[in-house]
Every structure is written in C-alpha cells, then in structure tokens.
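One structure below.
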Amino acid sequence: MADILQRIIEKKAEEIKCLEKSGYKRYENANIRGVNKLYDSLLGAEKLGVIAEIKRASPSKGDIRTEVDPPVQAKEYERAGAAAISVLTDTHFFKGKMEDLARVREEVSIPILCKDFILDPIQIDRARDAGANIILLIVAALERPLLRSLFHYAENKGLEVLVEVHDEEEMKTALDLGAKIIGINNRNLKTFEVSLDVTERLAGMIHNEEVVLISESGIRHVEDCIRAAKAGAHGVLVGETLMRSDDTGRVLSSLQIKKGDGR
Ligand SMILES: O=P(O)(O)OC[C@@H](O)[C@@H](O)c1c[nH]c2ccccc12
C-alpha cells in the first residue's frame, strides 16, 4: 500500500484540478498587513515559541476534537501567548477547511500558518486570500524544482515559508534552498512513529544562526520542550496536546520555557 503522504498527495492533486475549474471562494476582507513576522518574533527570543495548531482529526489519530470552534480555540491560543496559529485546512484527511483559517483571521492578530499539502501556486493564492501569513512546504512531497518555484512564489507574495523536513537529505535540501524557517517533523509519515530523536539528530546540521528552527509533532510535556530547545529549536509546533487539553491556556503557557532552562 502506498504510504499516507503519497495518498494525501494524490487526493490533493485531484482537488487542485477542481479548484482550477471552478475557481475558489475569495475572502475579500482578509487583511494580513500589520501582522508581525514569525521569523522576527522567534529569532532572538528568550522563550521557546509555540505555534499552536487547530487540528480536528488526523490520519494517525482519527478524530481528535471535531466539534472545535476554530475562532474560539484560536483566541485562547493567542491569549496564552502563542507565537502563531496553525490551521489545518485539508478536509479529506484532517477535517479542516480554508474557511476555518479565514474565520480565525478575523479574530486574532498573530501570524497564521496555513497547514496543508501545497503542490500548486493556486493553493498559495488561496491561503493568502484567506488571511494566511505563513505557508508550509513539505520537502518529501515535492520534486526539487517545484519546491524551489513554490518557495519563491510564496516569498514574492510576502508570505513566510515553513519548510518541513524529516531526514538528513531533506534537511540538506532545505538549507540549500535558503529556507529561513525550517520545521523538523518528529513524525515519520510512513510509519507514524514519533520521536524527538529526529529533532536532535537533524538540528546539528544547521550551522547558520539566521535559520529559525521549529520542532514539530509529538510535543506533550515541558520535558519535550526542554529537549527541543537544547537541540537548538526556536519554537515547537503543537497540535494534539492542546486540542485535547481541558486547560489549554495553562498548558500552552507552560510549554513556553525560557530557552536556557534545563541546559
Ligand atoms: O498533533 P501533534 O503531534 O502535536 O503535531 C502537530 C503538527 O506537527 C502536525 O500536525 C504536522 C506536522 N507536519 C504536518 C504536515 C501536514 C499535516 C500535519 C502536520
């Protein structure tokens, strides 16, 4: 059986064809001016930044919290000091939608990451129209020339790009590309195995102090944040732990450790 990333990409390619045919709903009011850059807020920060994710469901975990109201959840994230909000907009596998992102944009003033499987510039336009400030590009999902062209397309539109990697070769690609924000996904998309070892292993390949590093997936406790920060991460991307918590604000605050802690 094809692995999950392969299946998602195939489905996404079909969806893009429909987007092109039918056009897509535009969000006229999305205003992304005046929102600070995630990069600037994380580079020299004393504390570990948290990108807090709105994630209803996932292929590895099934339903997480399908009935969440994204603007309410996002406001709680913002109040608790999140550096940015990630909104999963894929519908088929994650039960999200672009409208979630547009609604969140109306309620918060921190940067928003459009978390999706981007394969075509039309998705970048659509994310930007809905009010995204940051897009995700997954190295494992893209041939190198396409990765490069999407990266520059987004940057030219004034968007920040989180370039996601999972192994040494992908990290090298992200560095060669000149990515300013690199996300190390601790989750193996073929086996769903999650391990912070991945962050610890790959972070050492970054020798450029101008690169902002995010450790993604499987962050549950303060100890995980300490490990990520020790490895050199400027931030963590947290979904399930925050979505399942009854005390989201407190948990989110506790994850924003001083980067020197535990060293
Ligand atoms: O729920 P978690 O384990 O905290 O993970 C969040 C985030 O890292 C994860 O949702 C993610 C990381 N990269 C992705 C790419 C696509 C979809 C989802 C993801």
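Coordinate-derived values only; no laboratory data. Given the structure is predicted, the values throughout are model-derived calculations rather than measurements. Methodologically, a virtual Cβ is constructed for each residue, glycine included, from the backbone with ideal geometry; neighbour enumeration extends over all protein chains shown.
A few notes on this one:
- Sparsely packed GluC sites (Glu not before Pro) within region 53-153, loop by DSSP, other Cβ within 10 Å at most 13: Glu67, Glu106, Glu143
- Here is the list for region 163-202: GluC sites (Glu not before Pro) lying in DSSP coil, each with at most 13 other C-beta atoms within 10 angstrom of its C-beta, are Glu193.
- The chain, relative contact order [Cα under 8 Å, separation at least 6], %: 22
- Estimated 222 nm signal from helices in the chain, with DSSP H stretches of n ≥ 4 weighted -39500 (n - 2.57), rounded to 500: -11500 deg cm²/dmol
- Projection of the Cα convex hull of the chain, averaged over all directions and equal to a quarter of that hull's surface, yields 12.9 nm².
- The antiparallel fraction among DSSP beta bridges confined to the chain stands at about 10%.
- With 18 Å as the limit on Cα-Cα distance, the pairs of Lys11/Lys97; Lys172/Lys259; Lys47/Lys230; Lys61/Lys190 that go past it are Lys172/Lys259.
- With K and R counted +1 and D and E -1, the other residues having a Cβ less than 14 Å from that of Phe151 yield a net charge of -3.
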